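S.K.: To start, I am sharing the structure in question, which I have written as structure tokens.
The values are calculated or read from the model by the stated rules, or taken from the named source; none is laboratory data. Every value quoted in this text rests on a predicted model; they were computed, and no experiment measured them. With ideal geometry, Cβ positions are generated from the backbone for all residues, glycine too; neighbour counts draw on all protein chains shown. We work out accessible area using only protein heavy atoms, side chains counted, and drop any ligands, DNA or RNA first. Shrake-Rupley method; radii C 1.70, N 1.55, O 1.52, S 1.80 Å.
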Amino acid sequence: ENETDQKLDFDYETILEKVICQAADQEKCPYEFEVNVTFTDNDSIREINREFRELDVPTDVLSFPMVDYPAPADFSVLEYFHPETGELILGDIVISVERAKMQAEEYGHSLKREICFLTAHSMLHLFGYDHMEDEERIEMERRQEQILQDLGIIRE
């Protein structure tokens, strides 16, 4: 039992695998793929933000895509396949459990739903979606809620 197991009172590996696979199905990903999910705390994610984004804040989640898609979920970009497994390497997701707990309380739902939401959100970033413009934000919100709804993960 590791530190993450003590902080998360649900089978996060199984549920996150479902969220990740549902996101891939929704985006019609035609390949076997690899995603790394890391759980951390506010201090660690703040340090990652400093190093990679020049921001001195603890965010809830960070996504580090390996593929720079010309358009969201455009699978014509083929340069990031693992040489041994042949899997598409999508990238990394880093979640602050500490921040997720705070947000779950703030939004009035479970930590499980918040972690699933952050994972769905990050998967869309790994597939090339962004939310800098209102239209993009609205589309991302629709897609991430659809992922969770399809799995029966609703606001509680």
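S.K.: Just give me the residues in the range 74-98 being of a type outside the set (D, E, K, R), touching an Asp or Glu at 6+ places or on another chain (Cβ under 6 Å) and surrounded by fewer than 17 Cβ atoms within 10 Å (Cβ to Cβ), in sequence order.
M.R.: None; the set is empty.
S.K.: Being out of contact with any Phe, Trp or Tyr (no Cβ under 6 Å at 6 or more places or on another chain) and free of Cβ contacts under 8 Å to residues at least 12 places away in the same chain, is that true of even one residue in the range 24-40?
M.R.: Yes, that holds for at least one residue.
S.K.: Can you give me the number of residues within the range 115-140 that are touching a residue at least 40 places away in the same chain (Cβ under 8 Å) and either among the polar types (S, T, N, Q) or open to solvent by less than 20 Å² (accessible area, probe 1.4 Å) (or both)?
M.R.: 10
S.K.: Mind checking which residues of the range 141-153 are assigned to a loop (DSSP other than H, G, I, E, B) and free of Cβ contacts under 8 Å to residues at least 24 places away in the same chain?
M.R.: Restricting attention to the range 141-153, the residues satisfying the condition of being assigned to a loop (DSSP other than H, G, I, E, B) are 151-153.
Correct list: G152 only.
S.K.: Then there's this: Of (1) within 13 Å of the chain's Cα centre (by Cα); (2) surrounded by fewer than 16 Cβ atoms within 10 Å (Cβ to Cβ), D56 satisfies all except one. Which?
M.R.: (1)
S.K.: Among what's in the range 80-95 and is modelled with pLDDT of 90 or more and among the β-branched types (V, I, T), pick the residue that is farthest from F127 (Cα to Cα). Steps first, answer last, please.
M.R.: Initially, the range 80-95 is screened for residues modelled with pLDDT of 90 or more, giving 90-95.
Those left that are additionally among the β-branched types (V, I, T): 93-95.
Working: I93: 12, V94: 16, I95: 17 Å.
Here the answer is I95.
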